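I have placed the structure first, in the form of C-alpha cells, so that the comments after it can refer back to it.
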Amino acid sequence: MLHEIKDKFKDECGVFGIFLNDPETDIDAARTTFYGLYALQHRGQESAGIAVSDGHRINLYKGVGLVSEVIRAKHLESLKGHVAIGHVRYSTTGESGLVNSQPLVFHYLNGMVALAHNGNLVNTVELKRRLATYGSVFQTTTDTEIVANLLARYSQDKMEDALAKCMIDMKGAFALVIMTEDRLVGVRDQMGIRPMCIGKLNGNYVLSSESAALDTIGADFVRDVNPGEIIVIDKEGMRSQQVINSPREAHCVFEYIYFARPDSTIDGINVYQARRSVGRQLARECGIDADLVISVPDSGTSAALGYAEESGLPFEEGLMKNRYVGRTFIQPTQQMRELGVQLKLNAIEEVVRGKRIIMVDDSIVRGTTSKQIVQMLRNAGASEVHMAVASPPTKYPCYYGIDTSRREELIANNMDTDQIREFIGADSLNYVSREGMRDALQKSYPFFCDACFSGSYPIPVESVEV
C-alpha cells in the first residue's frame, strides 16, 4: 500500500455552480465552471467533475486527478447547457477513486438531479441504517450518496421542501450545490461550518465555496450563503428560504488559518488580513530575539509578514518552494517519503547562514515535516531556529469535513510544547494563544468552530469516538 506524507490537515472538497438566464448567452456554463474549479483546486486534488443541464437532461464528466488532468477541451465541448455544477475532492485514505468522485447524478421521482458536497455528516451510521430499512442501496462510501437518498425519500415534495426536511435530518457540516434540469440550488449547514458564497456574472448567479473563484471568472461578490439557508436559482431569479435559525454560528477557523486562499473573503473576514493579523499577535506573544523572519511557504507567509511587521525584524524568503511538484507526494518507502520534503522545499543558504531565524508556519499536526525543515535550516548554516505557529496546538480531530490524523497521531495530544520543541529540534517553539487568535480575528468565540484546539464540538458527534 502506498503511504502519504500528511503533516497538514486536508479540506475535503470545493463546490461551484452557475445558472445562465439566457441559453443563448456567450457565457459557457461548463467552461466557466472549469475555471471556477481551477480556482478551487487547493480544496481537493483527488478528483474533479462537472455536470451540465440543457433543460432536458443532465450530462456528467468526472475523473480521478487534478482539474486540468481530468477535464479537457473535448469534454467541455460535449457539456452543453445553461446550468452547471462542479466539484473538486480530497479523499481520506482508502476512499479515493472514480466511484466516490462527484458530482453524483441520479434519477428520482421528479427527474434528474446532480449533487456536489463539501463537508461531513456526523450521523451517517444512523441515517444509512434508516435509509437501508426503507430499501435504499449504496454504491459509494460518501456522505453525498446519503444526501441523495434522503432527497429521493422526500421526492413527493417540491425541491425546497424536500431539502428543508433533509437539513433537519442531517447533522454535521455541509455546503451543497444541487442541480435539476432547470434550477440551481445551494444549501449551507445550520452553523455555517463549511463556506459558500453567491456571486453574479453579467446578471447570472454563481455559487462557490470561496470568493476567489468568483474573482477568477470575473463575477461580483453578492453575499455569503447564511447558515441554515437554501438558495434557489431559476429563470425567475434567486430566492431564499431560511430553514434553520441556529442559536450560534461556528465557522471553521482553519479556513482562515490554512485552507482557504488568501485572496478569499469568507463570512466578512478577508483570509489574507486574518492571517497577517494573527501573525502580528503571535509576535506580541513570542518576543523572540532574532535576526530575521521566514515562512514555511505558502500557507505560513501571510502570518510571517505580520510577525515581521509587528516585531520590526526583516522578512526574507529563507525557504524556496518547488511549485511544480503538484499533488502531495505518495511514496512506498520511508526514505522516499522523507525525500518528499526536500523535493518541495529547499533552504536558501545565503539568506539563513549564520542567522538567528524565526520560522513561521500555520500549524503543526504530526511534527515530522517541521522536524525536517528545522534540520534543513541548520544544515544550511542557521545559528538558531525558533519556530512560531500561527494557531494554537492541534489536539483533537475534526469530524466536519476535514481529513485529520487520528487523535493519537496529533503530536500536541501526546507531548507538551517543550517536548514538541525537542522533537522538532528547534531552539524555541511558540504557539499563538486561543484568546490571542480570536482577538486577532476580531470575532468573539461563538463565531468560530475551534474544536481541533479545544475539543469543544459545536455539533454532537455520533458513532465516533472523540
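The values are calculated or read from the model by the stated rules, or taken from the named source; none is laboratory data. Just so we're clear, the structure is a prediction, and the values are computed from it rather than from any experiment. Note: ideal-geometry Cβ built from the backbone for every residue, glycine included; neighbour counts use all protein chains shown. Calculation scope for accessible area: heavy atoms of the full protein, side chains included, ligands and nucleic acids excluded. Shrake-Rupley method; radii C 1.70, N 1.55, O 1.52, S 1.80 Å.
Compared with the dominant principal axis of the Cα atoms in the chain, helix 159-169 is inclined by about 50°.
Taking every protein chain into account, the 1.4 Å probe leaves HIS56 with about 150 Å² of accessible area, to the nearest ten. Building the convex hull from the alpha-carbon atoms of the range 41-160 and averaging its projection over directions returns 8.1 nm².
Looking at the chain, which longest stretch skips every one of the chymotrypsin sites (Phe, Trp or Tyr not before Pro) that is in a DSSP loop with at most 16 other Cβ atoms within 10 Å, leaving the sites themselves out?
139-323
Accessible-area rank, largest first, for GLU229, GLU422, GLU46: GLU422, GLU46, GLU229, with all protein chains present and a 1.4 angstrom probe.
Do any trypsin sites (Lys or Arg not before Pro) in the range 182-226 lie in a loop, going by DSSP, with at most 10 other beta-carbon atoms within 10 Å of their beta carbon, and if so which?
Hits after loop and neighbour filter: nothing returned.
Each 20 Å bin from zero holds the following percent of Cα-Cα pairs in the chain: 25, 55, 20, 1.
The residues of the range 347-426 have, on average, 38 Å² of accessible surface per residue, using a 1.4 Å probe with all protein chains present. D for the range 226-383, whole µm²/s, Stokes-Einstein with Kirkwood Rh over alpha-carbon pairs at 25 °C and 0.890 mPa s: what number? Rounded, D is 136 µm²/s. To the nearest 10, the accessible area of ILE357 is 0 Å² with a 1.4 Å probe.
Given labels modelled 7 Å from the Cα in the Cβ direction, how far is it in nm from GLU409 to LYS80? The two pseudo-label positions are separated by 4.7 nm.
For the range 354-466, what % of the accessible area comes from carbon and sulfur atoms, probe 1.4 Å?
On the range 354-466, the fraction of accessible area on carbon and sulfur atoms equals 44 percent.
Taking the accessible area of the range 193-232, probe 1.4 Å, and keeping the other protein chains in place, the carbon and sulfur fraction comes to 40%. For GLU24, the solvent-accessible surface computed with a 1.4 Å probe is close to 150 Å², ligands and nucleic acids excluded.
Rounded to the nearest 0.05, the FRET efficiency derived from the C-beta distance between SER454 and GLN419 at R0 = 25 Å is 0.75.
In the chain, the calculated helix contribution to ellipticity at 222 nm averages -8000 deg cm²/dmol per residue, counting -39,500 (n - 2.57) for every DSSP H run with n ≥ 4.
Ordering LYS62, LYS74, LYS371, LYS158 by accessible surface, largest first, gives LYS74, LYS158, LYS371, LYS62; the 1.4 Å probe counts only protein heavy atoms, with every chain in place.
Accessible-area rank, largest first, for CYS398, CYS13: CYS398, CYS13, with all protein chains present and a 1.4 angstrom probe.
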